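Q: My questions will all concern the structure given below.
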Amino acid sequence: MLVVDHVTKKYGTSSWFHRNKPAKSALSDVSFTVEPGTCMGILGESGAGKSTLGKIILGLLPPDSGSVRFEGVDLYRSDRHTRKKIRRNLQVVFQDCYSAVNPRMTVRQIIAEPLRNFERLSAQQERSIIVELLETVGLAAEHLDKNPRQMSGGQLQRVNIARAIALNPKLIVLDEPLSSLDMIVQKQILQHLNELKDSKGLSYLFISHDVMAVNNLSDRVAVLDKGMIVESMEANAMFECSHPSSQRIIHAIHEANRLGP
């Protein structure tokens, strides 16, 4: 479904004092695939290049070289009409649930936004779909007219998930969707994501620094270190990884998450 093929991205520097300094490589020759109905986890520490990779896959930041193909179509070499069709099937859930929504909108308006962009529905049809979406992520119709400030982080992240699945997409990019939530809510969100994956046949690209969350949701895992994928493995073999960088990253992150702040 998704093919990331030899993607490289470098960042230059605008500092006058460093005009001759070589551009810094954010991603170097990154390749992997996401198969239909599966979750690919991208695990890495801060500064590994995860955010850059997410932006490139979402079509927000063109790579310097390489390609990103969604169902065989190159995101950066397709026409506007084709890109719009891809946007319908490629959705995202961001890390910060509050900054991902318009604070002036109600829950109903937040979830309705993609529906209004791609569908022509009556007010009654739209409300029925939104209520069903809320129930799918464990919320009720009583939340329809609330605004983001009236909701907890866990509730609002569920609203963001409901918005992401509103158009029945084929792939959802989960960009650190749990990091701002407490442990209990994280487990609830992971459970819902797993249930949606099974019931709707969704595919996920799960970008995270949380070893146990990646292990819980993913079928395969790629370890990103200093802009390079150093190892790829089945999720159930994460703690048996062989590459020294993978071993260091997985055990270091796992220990940090276990100990907490």
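Q: When only residues in the range 1-36 that are touching an Asp or Glu at 6+ places or on another chain (Cβ under 6 Å) and modelled with pLDDT of 95 or more count, which is nearest to Leu90 (Cα to Cα)?
A: So, considering only residues that are touching an Asp or Glu at 6+ places or on another chain (Cβ under 6 Å) and modelled with pLDDT of 95 or more, the one nearest to Leu90 (Cα to Cα) is Ser31.
Q: Any residue in the range 138-155 that is loosely packed, with under 15 Cβ neighbours inside 10 Å, at pLDDT 95 or above and touching a His at 6+ places or on another chain (Cβ under 9 Å)?
A: yes
Q: Test Ser99 against the stated conditions and say whether it is part of a loop (DSSP other than H, G, I, E, B), surrounded by 15 or more Cβ atoms within 10 Å (Cβ to Cβ) and without any contact (Cβ under 8 Å) to a residue 12 or more places away in the chain.
A: On the way: part of a loop (DSSP other than H, G, I, E, B): yes; surrounded by 15 or more Cβ atoms within 10 Å (Cβ to Cβ): no; without any contact (Cβ under 8 Å) to a residue 12 or more places away in the chain: yes.
So Ser99 fails the test.
Every residue, every condition in (1) part of a strand (DSSP E or B); (2) basic (Lys, Arg); (3) free of Cβ contacts under 8 Å to residues at least 40 places away in the same chain; (4) surrounded by 16 or more Cβ atoms within 10 Å (Cβ to Cβ), yes or no:
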{"position": "Ser46", "(1), (2), (3), (4)": "no, no, no, no"}
{"position": "Gly54", "(1), (2), (3), (4)": "no, no, no, yes"}
{"position": "Leu60", "(1), (2), (3), (4)": "no, no, yes, no"}
{"position": "His81", "(1), (2), (3), (4)": "no, no, yes, no"}
{"position": "Lys84", "(1), (2), (3), (4)": "no, yes, yes, no"}
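Q: Yes or no: Glu132 closer than 22 Å to Glu119 by Cα and either out of contact with any Lys or Arg (no Cβ under 6 Å at 6 or more places or on another chain) or touching a residue at least 40 places away in the same chain (Cβ under 8 Å) (or both)? I'd like the intermediate steps shown before the answer.
A: Numbers: closer than 22 Å to Glu119 by Cα: yes; either out of contact with any Lys or Arg (no Cβ under 6 Å at 6 or more places or on another chain) or touching a residue at least 40 places away in the same chain (Cβ under 8 Å) (or both): yes.
The answer is yes for Glu132.
Q: With respect to Ser242, determine if the residue is assigned to a loop (DSSP other than H, G, I, E, B), of a type outside the set (A, V, I, L, M), under 26 Å from Ala26 (Cα atoms) and free of Cβ contacts under 8 Å to residues at least 24 places away in the same chain. Break it down stepwise before answering.
A: Details: assigned to a loop (DSSP other than H, G, I, E, B): yes; of a type outside the set (A, V, I, L, M): yes; under 26 Å from Ala26 (Cα atoms): yes; free of Cβ contacts under 8 Å to residues at least 24 places away in the same chain: yes.
For Ser242, the condition - assigned to a loop (DSSP other than H, G, I, E, B), of a type outside the set (A, V, I, L, M), under 26 Å from Ala26 (Cα atoms) and free of Cβ contacts under 8 Å to residues at least 24 places away in the same chain - is met.
Q: Which of the residues belonging to the range 97-106 are more than 21 Å from the chain's Cα centre (by Cα) and within 11 Å of Val159 (Cβ to Cβ)?
A: Answer for the range 97-106, where residues must be more than 21 Å from the chain's Cα centre (by Cα) and within 11 Å of Val159 (Cβ to Cβ): Met105, Thr106.
Q: Which of the residues spanning the range 62-71 are out of contact with any Asp or Glu (no Cβ under 9 Å at 6 or more places or on another chain) and touching a residue at least 24 places away in the same chain (Cβ under 8 Å)?
A: Residues of the range 62-71 that are out of contact with any Asp or Glu (no Cβ under 9 Å at 6 or more places or on another chain), as a first pass: 62-64, 70-71.
Listed by number, the residues that qualify are Pro63, Asp64, Phe70, Glu71.
Q: Consider Pro114 carefully, then state whether it is surrounded by fewer than 19 Cβ atoms within 10 Å (Cβ to Cβ), in contact with a Leu (Cβ under 6 Å, 6 or more places away or on another chain), within 30 Å of His143 (Cα to Cα) and not basic (Lys, Arg).
A: On the way: surrounded by fewer than 19 Cβ atoms within 10 Å (Cβ to Cβ): yes; in contact with a Leu (Cβ under 6 Å, 6 or more places away or on another chain): yes; within 30 Å of His143 (Cα to Cα): yes; not basic (Lys, Arg): yes.
Yes.
Q: Can you name the condition, by its number, that Asp64 falls short on among (1) modelled with pLDDT under 95; (2) farther than 25 Å from Gly154 by Cα; (3) surrounded by 12 or more Cβ atoms within 10 Å (Cβ to Cβ); (4) acidic (Asp, Glu)?
A: (1)
Q: Follow-up. What number of residues within the range 215-254 satisfy the criterion of being closer than 16 Å to Leu205 by Cβ and charged (D, E, K, R)?
A: Number of matching residues: 2.
The values are calculated or read from the model by the stated rules, or taken from the named source; none is laboratory data. Fair warning: this is a prediction, and the values are worked out from it, not measured in the lab. All Cβ positions, glycine included, derive from the backbone under ideal geometry; neighbour counts span all protein chains shown.
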